[in-house]
Each structure stands twice: as C-alpha cells, then as structure tokens.
Amino acid sequence: MMEVKTSERLFTIEEYLEKEDRAMHKHEFHNGTIIKTAGAFSPHNLVKAEILVLLNLVFKTQKLPYWVFDSDMKVRLEKHNKFYYPDVSVSDGIPFYYFMPNGKERRDIYINPIAIVEVLSKSTRSKDKTTKFEEYKCIPTFKEYLLVEPEKVWVEARHRVNGHWVSDILTDLDDRVHLPHLGFSLLLRDIYRPAIALDFLKI
C-alpha cells in the first residue's frame with residue numbers, strides 16, 4: 001500500500017479511529033500523524049489475493065489454529081503507537097482485538113499477528129524491508145515476515161529463530177517458501193499463478 005499524504009496536526013487515537021470509520025480511503029496512524037494511503041495496482045492486488053486464498057486453504061484443509069486477514073484489518077503496534085494495514089496478516093490463534101483507551105473493543109484491529117505479508121511497490125519497498133519490519137518486531141507474537149515482489153519472481157522470507165531473525169530469498173518458481181512457525185510451505189508457482197496467467201510476470 002502506497003503512502004501519499006500526511007496530516008498537518010497530531011490526532012489522538014480516538015480522533016483517528018472516528019475519522020477512519022467515516023473515511024472513504026484507508027489511513028495509517030503514526031503516533032498522532034494520520035497518513036493517507038493509495039490503492040494498489042492490479043499485479044499487487046492479484047498476488048496479494050492469491051496468497052490470502054492459499055493461506056486460507058491450508059488453514060482449512062489442515063485444520064490449523066490460525067486466522068488470515070486481508071488489508072482491511074489493522075494491526076496495532078503499541079510500542080510505537082501506530083496502526084498499520086498489512087497486505088495480509090495471520091493471527092496467532094484466535095485474534096486478540098484492540099481495546100481503545102476508553103475501553104471500547106475494536107474488532108477491525110488486532111494485536112497478535114504471527115505472520116505478516118507485504119507485497120512490495122515502488123513507494124513502499126524500502127520501508128517494508130527496513131523501518132516497518134523493525135517496528136513489527138516489537139509485537140511479541142510476530143515470527144514470520146514475507147516480502148513479495150508482484151511483477152518478478154522474488155520472495156524474501158524472514159523467520160524468528162531463538163530470538164534472532166534469519167532470511168531466505170527465493171527467485172525460482174519451483175522454490176518453496178517455508179513458514180516454520182505455521183508448519184507448512186508454499187510453492188512460488190502457486191503464489192504467482194495469476195501473474196503467470198495474465199503474463200505480467202518478468203521471468
């Protein structure tokens with residue numbers, strides 16, 4: 001998701017969520033600053049949707065205790081006082097929803113993702129690989145991070161191992177991206193199925 005415009009003054013969480021409930025477009029919250037995001041283009045959306053479908057299928061067929069969310073669900077980063085909209089995220093078991101400072105439960109925000117997927121774009125690529133990852137790491141349950149290029153075969157899988165993060169980069173359609181904390185792997189050819197079918201994948 002591309003960042004395009006920031007607010008000119010600082011807002012409280014309550015003000016942000018009230019505005020977001022009425023907004024026509026999505027906005028992130030960065031410690032009082034509201035950042036408007038722009039919609040993604042076709043290759044981005046198709047690859048994102050395919051990953052969502054694949055994860056749902058695995059969770060259902062293998063009866064795994066996870067729930068997968070699309071980019072309409074916000075994730076709360078308490079340490080950094082931020083709300084993000086990951087492209088795809090997976091809750092560590094039942095989702096634990098966010099409670100506002102006034103005690104109200106928000107079922108459009110949760111706090112316990114185990115895995116997050118970001119499909120890269122020109123405007124977000126650098127931040128997704130660096131700043132956003134460092135901020136996601138403050139979430140205690142967060143253990144898997146996938147970075148996916150939508151128009152070429154390139155996936156980076158980062159996993160938390162004994163308190164440290166290790167990385168694998170995959171560039172072949174016959175490679176499998178392993179998700180050890182979820183207990184399965186995905187074939188890159190499946191992830192890129194719509195990109196192959198519509199001939200927008202650079203191989």
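The values are calculated or read from the model by the stated rules, or taken from the named source; none is laboratory data. Values in this document were obtained by computation on a predicted structure and should not be read as measured data. Methodologically, a virtual Cβ is constructed for each residue, glycine included, from the backbone with ideal geometry; neighbour enumeration extends over all protein chains shown. Each accessible area value is taken on the protein alone, full model and side chains, heavy atoms only, with ligands, DNA and RNA left out. Shrake-Rupley method; radii C 1.70, N 1.55, O 1.52, S 1.80 Å.
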Summed side-chain charge close to V166 - residues other than V166 whose Cβ falls under 9 Å, Lys, Arg +1, Asp, Glu -1:
+1
Convert each backbone phi in the range 120-134 into a coupling constant with the Karplus relation 6.51 cos²θ - 1.76 cosθ + 1.60 (shift: θ = phi - 60°), then list the ³J(HN,Hα) values in order as whole Hz, x for Gly and Pro.
7, 9, 4, 7, 10, 3, 5, 5, 4, 6, 10, 4, 5, 4, 4
Going residue by residue through the range 168-178, the Karplus relation 6.51 cos²θ - 1.76 cosθ + 1.60 with θ = phi - 60° gives ³J(HN,Hα) values, rounded to whole Hz and with x marking Gly or Pro, of 10, 10, 10, 9, 10, 4, 8, 6, 10, 8, 8
Amide hydrogen neighbours beyond the local backbone of V153, cut-off 5 Å, H modeled
K202
What FRET efficiency comes out for the pair E105/T171, r = Cβ-Cβ distance, R0 = 45 Å, nearest 0.05?
0.60
Computed FRET value (nearest 0.05) for A23 with N162, which takes r as the C-beta separation and R₀ as 45 Å
0.60
Count charges around P95 for me, please; just the other residues with Cβ under 15 Å from its Cβ, Lys/Arg as +1, Asp/Glu as -1.
-1
I want to verify a result. In a Gaussian network model of the chain, Cα cutoff 10 Å, which of these has the top mean-square fluctuation: L147, L186, L52?
L186
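Enter the accessible area per residue of the chain (Å², integer; probe 1.4 Å; all protein chains in place).
51
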Checking A157, A23, A115 against a Gaussian network model of the chain (alpha-carbon springs below 10 Å), the top fluctuating residue turns out to be A23
For the chain, calculated [θ]222 nm from helices alone, where every DSSP H run of n ≥ 4 adds -39500 (n - 2.57):
-6500 deg cm²/dmol
Using amide H atoms built 1.01 Å from N in the peptide plane, name the residues 5+ places from L179, or on other chains, whose amide H lies under 5 Å from its own.
F184, S185, L186
Projecting each Cα onto the charge dipole of the chain (Lys/Arg +1, Asp/Glu -1 at the beta carbon, about the Cα centre), which of T171, F99, S89 comes out farthest on the positive side?
F99
Ordered by residue, what ³J(HN,Hα) values in Hz, to whole numbers, does the range 97-109 give under the Karplus form 6.51 cos²θ - 1.76 cosθ + 1.60, where θ = phi - 60° and Gly and Pro are x?
7, 7, 10, 5, x, 8, x, 6, 7, 10, 8, 9, 9
Past 28 Å, Cα to Cα: identify those pairs from K48/K132; K104/K129; K26/K48; K36/K122, in the order given.
K104/K129
Taking Cα atoms only, helix 42-61 is inclined relative to the longest principal axis of the chain by an angle, in degrees rounded to 10, of 80
The alpha-carbon pair-distance distribution computed for the chain, with 5 angstrom bins and whole-percent values, is 1, 7, 16, 20, 20, 17, 11, 6, 2, 0, 0
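List the GluC sites (Glu not before Pro) in the range 7-85 that DSSP assigns to loop (not H, G, I, E or B) and whose Cβ has at most 14 other Cβ atoms within 10 Å. Which are they?
The qualifying sites are E8, E78.
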At 0.36 nm per residue, and after removing the present C-alpha to C-alpha distance, how many nm does the segment from A197 to Q62 gain when stretched out fully?
45.9 nm
